[in-house]
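Each remark here refers to the structure printed beneath this line.
Every number here is computed from the coordinates shown, using simple stated rules; none is lab data. All values derive from a computational prediction rather than experimental measurement.
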Amino acid sequence: MDSQEQYEALLAKWGYTDNSAKIQRRRQARAKIVKASLVFLTSIIKRAKKLTHSPAQAGQLSH
C-alpha cells in the first residue's frame, strides 16, 4: 500500500470523505459562469462605446 492509499484509508477510518472531485467540478462550473458573464459584459461595453463614439450618430444628432 502506498502513502496515498494509506492516507485515504485513514481518512475513511476517521469518517472523512474525499470531496476533491466535487470541489473541482464546482470550481469549473463557477469559472464557466464567470467567463460567460465577462464575455457578455464586455460585449455590452463595446456596443455602448461604439454607439457613443460613432461619427454617424454624432452627425445625426447635430441636425
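Name the lysines eligible as straight-distance cross-link partners of Lys32: C-alpha to C-alpha under 22 Å, and not fewer than 8 places from it in the same chain.
Output for Lys32: Lys22, Lys46.
Expected output is a single nm value to one decimal: the length gained when fully extending between Trp14 and Met1, i.e. 0.36 nm times separation in residues minus the C-alpha distance. What is it?
Computed gain between Trp14 and Met1 is 2.9 nm.
Output wanted: per-residue J couplings in Hz (rounded whole) for segment 37-53, from phi through Karplus 6.51 cos²θ - 1.76 cosθ + 1.60, θ = phi - 60°, x for Gly and Pro.
Residue by residue, segment 37-53 yields 5, 5, 4, 4, 5, 5, 5, 5, 5, 4, 5, 5, 5, 5, 5, 7, 10 Hz.
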